[in-house]
Amino acid sequence: MAASRPSRSVSARDISIGCERLDGAGSWDTLEWTKIEPVTRSVSHANFEFLLEAERVLDEGHGVVLVNTDEAGTLFVTNFRLLFLSDGTRNIVPLGTIPLATIEKFNKMVVKIQSTSRNTNKSSSRRLLQIIGKDMRIIVFCFRPRTKQRRAIFDALSRCTKPERIWDLYAFTCGPSKFSNLSPKVRLLNEYFRLLGKGFHHASMRMIEDGSFTMSNDSWRISDINFNYSLCQSYPFALLVPKSVRIIQASNFRARSRVPAVSWCNPETGAVLARSSQPLVGIMNTRSTADEKLVAALCAQLIDGKDSRRKLYIADARPRKNALANGAMGGGSESSSNYFQSEIVFFGIDNIHAMRESFARFRDYLDTHGAASSDGMSSFLRHGGWTWGGGNLSSMSASVSTLGDSGWLIHVQSVLAGSAWIAARVALESAAVLVHCSDGWDRTSQLVSLANLMLDPYYRTFTGFQALVEKDWLAFGHPFSDRVGMPSISGSSFELSRNASSTGSFSSSPLRQSSGSSQASNSSHAQNNYSPIFLQWVDCVSQLLRVYPFAFEFSSNFLVDFLDCVLSCRFGNFLCNSEKERQICGVDESCGCLWAYLADMRSSEGRSHAHYNLFYDTLKHNGPLLPPAAALAPTLWPQFHLRWACPFESQAGELEAECRNMAIKFSELQKAKEVAEMKAKEYLAAMEILNVDLQNEKQVSSSAMNLAKRASKENAAIQRAVQSLGCRVNFTNSSDSTVDVESSLMETSQRLSLPRRESEYTMEHNDRSDLSVSITVEADDVAPSSSPLGQVCETLCPLRTQGRGCQWPDAACAQLGSQFIGLKANFDAFDRLSIYDRYFKSE
């Protein structure tokens, strides 16, 4: 139970009533309203971050206490939901927030409480509002005295929970937004193509408009006889029927013209699962040749090409006595003598009214024995600790509805057992099974869709589950508006059961008003068609998921969110009673799509999202699921049944949540490992590049060394060549080149220094230094020229023009870049010069 809020000095359970000990009878504590600080500030509705798109506040009440958890806050009525905002945290309280369409009924209650003062015998009263939801919750709000807040909230709920027209629902107000709905007709045809073994075809609206969708295989065909809903208004526009039989004549023999149509077939074995409504045999046991031929065509194909015909089973979901009673009103059941090689089986599943009452008792049981009960007391305190451990639930049935007496789990087991029997006949015997109840849209939808789920692994995936629901529930006309209690296309809606005011003295539990067992409620329920048929089917799916945790791609959390979306009527997929009505209302174009919304939720986190089943293994259960009878004993579905009455216990068995956390951590480690491996690969690649660069550098260095050696050899050769001309050459590092010329005849020594230009004299060297050449020429004979430089040029330069002096720097030697004297030694120029052998001959 939630702890008392620190902002309130006195808890709603701090003051006892006349006694200090809480016995098993229970009590109602005085609320210290004077200790609750009233909220007087005005609230800007436009700044509410918690409002959805197109959601607007219609009315509000301040200082309201949620009795279940003893929490004070502000209660808002919007055009979509009843919203409770905590005063302490300013956060939405999930228990006190419920969509308007999920409210089954609500009641105003006044509870008189004896004053605890010794000086007075006066009694005070508390004004309460009880909300009973279709999602297993019962919540109670307590309002401040001497205010009209409860009346305002009650009136707002009266207007909004029962809209006059279907277009007044929030789904139409919000519009499709980003969750647009593609045509469900296209998806239905794609499912038919898959069943026919023609999954490579893809349906389109153009195919529907031109009528080119009527494909077939050897046994079955897609018929467009109901394209305009002229055959049956509650059937889809396209039907999968036997290929060789016309079905229009058989429509008059079935209730509401719901003729036998194929729901699932096995193209390999020829086994088929079909559905219809009850035959109109009446008390005269009327027959129809057209209907008998149509039913016989379901099993006309031979088994494995042999002469033996396959067995025909006609599964009647009703108890036998109910079928006989319907015969008196023109309905009834088939006779095995009229249908060749057939067997009639009755499953004994009760009708929608029995399911509604069972659900109400089951909800009362959970609220009575829950931790967050609507009377604000834990079941441990209410029933006393000394009796709690007995475990004898039947002993409590005199005062409260119990789990066993509710019958809910028994009904779930009946649906599971019937579906398992059908799946076994189809899978093991390759038989043909025809399923019907009275109208063929409640119990028939439960049995056929659950059998499909057991037979075909495709339906146990997200995509397949959507195809299954759209085919066997939406397309085949389960009346969702009637069963959920929303307006239909005609404008009539489910009459919510309300007690305008219920005043009584304090009893053992002042709020222990049964949600469906009172006489007024019973009579009201008997006059409407509300019933949790689809909720019961999802409950059956959760039981299969519990038995076969490796067989389903989706998790129990997905089923809870899916069911909440259906009950809230936030999206248009489950509005109206048939495909025809949704088409007339333009639901697909005007409302958002539930499937797109759930897919968007999953896309945010990928396969780590809570909707994915961590244990899903496609190889472990790649065939039909055929549970034995012993495995079909149902139990409570904690995530849905206990989430409001026992929020902690609903999470206690969340082994999947722990595994999911471990999987998320493992996924993070895997990602970190992948990142580390990528970095390691990058480092290895970088090292390889560095190794290649190093090898290149080594090659360059080796080449440079070779070039240096070659240059050294060339320098030595030039030195020898110059010396052979009678010159002495000295190489030094300096900024200038020096040529020393000595003449013995002139007996003079003269040094000539030639400044060099950087752009011309710089040569490539390892240390980037300049190389100066010092040449000393010793002449044996007197040179014809009086200039020492001229003597050298005349001796060395073969390009000197005869009869003319030295033309430096215009001489050919300078143009070739060969600087013999005082400049850089250009060895390439030496190679290009024509050095005659006579220069190297000794005289």
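The values are calculated or read from the model by the stated rules, or taken from the named source; none is laboratory data. Computed from a prediction, not measured in an experiment: that's the story for all the values here. Virtual Cβ from ideal backbone geometry, glycine too; neighbours counted across all protein chains shown. Just so you know, the surface numbers come from the protein's heavy atoms only, side chains and all, with ligands and any DNA or RNA stripped out. Shrake-Rupley method; radii C 1.70, N 1.55, O 1.52, S 1.80 Å.
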Within segment 201-213, residues surrounded by fewer than 17 Cβ atoms within 10 Å (Cβ to Cβ) and under 22 Å from V469 (Cα atoms) come out as H201, H202, S204, M205
Within segment 543-555, the count of residues that are hydroxyl-bearing (S, T, Y) and either open to solvent by 10 Å² or more (accessible area, probe 1.4 Å) or in the same structural domain as G133 (by the TED database) (or both) comes to 1
Within segment 609-653, the residues that are of a type in the set (S, T, Y) and either within 24 Å of D456 (Cα to Cα) or not in a helix (DSSP H, G or I) (or both) are Y612, Y616, T618, T635
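Considering only helices (runs of 4 or more DSSP H) fully contained in segment 89-207, which possess at least 2 residues that are touching a helix residue (DSSP H, G or I) at 6+ places or on another chain (Cβ under 8 Å) and under 28 Å from A645 (Cα atoms)?
149-160
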F227 meets each of (1) in contact (Cβ under 8 Å) with a residue 40 or more places away in the chain; (2) farther than 22 Å from R318 by Cβ; (3) surrounded by 14 or more Cβ atoms within 10 Å (Cβ to Cβ) with one exception, condition (1)
Screening R320, R310, R363 for residues that are without any contact (Cβ under 8 Å) to a residue 60 or more places away in the chain and touching a strand residue (DSSP E or B) at 6+ places or on another chain (Cβ under 9 Å) leaves only R320
Sole miss for N613 among (1) at positive phi; (2) touching a strand residue (DSSP E or B) at 6+ places or on another chain (Cβ under 7 Å); (3) not basic (K, R) is condition (1)
For segment 316-340 the number of residues that are open to solvent by 80 Å² or more (accessible area, probe 1.4 Å) and not hydroxyl-bearing (S, T, Y) is 5
**Request:** Check segment 290-309 and report whether any residue there is modelled with pLDDT of 95 or more and part of a strand (DSSP E or B).
**Result:** no
- Say whether the condition of being over 20 Å from T463 (Cα atoms), in contact with a Lys or Arg (Cβ under 9 Å, 6 or more places away or on another chain) and in a helix (DSSP H, G or I) is met by at least one residue in segment 212-224. no
| task | Would you mind stating whether S449 is open to solvent by 10 Å² or more (accessible area, probe 1.4 Å), of a type in the set (S, T, Y), closer than 15 Å to L626 by Cα and assigned by the TED database to the domain that holds L416? | result | no
Within segment 53-94, the residues that are touching a residue at least 60 places away in the same chain (Cβ under 8 Å), open to solvent by less than 20 Å² (accessible area, probe 1.4 Å) and farther than 14 Å from C160 by Cβ are G61, G63, V64, V65, L66, V67, N68, D70, A72
The number of residues in segment 614-639 that are farther than 19 Å from N557 by Cβ and open to solvent by 30 Å² or more (accessible area, probe 1.4 Å) is 12
Of the residues in segment 409-447, those that are under 16 Å from I314 (Cβ atoms), out of contact with any strand residue (DSSP E or B) (no Cβ under 7 Å at 6 or more places or on another chain) and charged (D, E, K, R) come to E429, R443
By residue number, the members of segment 566-593 that are open to solvent by 20 Å² or more (accessible area, probe 1.4 Å) and of a type in the set (A, V, I, L, M, F, W, C) are I584
Expected single match for over 30 Å from G407 (Cβ atoms), among the acidic types (D, E) and touching a helix residue (DSSP H, G or I) at 6+ places or on another chain (Cβ under 7 Å) among E579, E605 is E579
Would you check if there is a residue in segment 595-608 being outside any helix (DSSP H, G or I) and open to solvent by 70 Å² or more (accessible area, probe 1.4 Å)? yes
Of the candidates S430, S414, S488, the one satisfying the condition of being of a type in the set (S, T, Y), buried (at least 19 other Cβ atoms within 10 Å of the Cβ) and at pLDDT 95 or above is S414
Conditions (1) surrounded by 19 or more Cβ atoms within 10 Å (Cβ to Cβ); (2) in contact with a Pro (Cβ under 6 Å, 6 or more places away or on another chain); (3) more than 30 Å from N107 (Cα to Cα) -> G197 fails only (1)
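Kindly indicate whether R425 is closer than 25 Å to N326 by Cα, more than 24 Å from the chain's Cα centre (by Cα) and either open to solvent by 10 Å² or more (accessible area, probe 1.4 Å) or assigned by the TED database to the domain that holds D316 (or both).
Working: closer than 25 Å to N326 by Cα: no; more than 24 Å from the chain's Cα centre (by Cα): yes; either open to solvent by 10 Å² or more (accessible area, probe 1.4 Å) or assigned by the TED database to the domain that holds D316 (or both): yes.
When the stated conditions are applied, R425 does not pass them.
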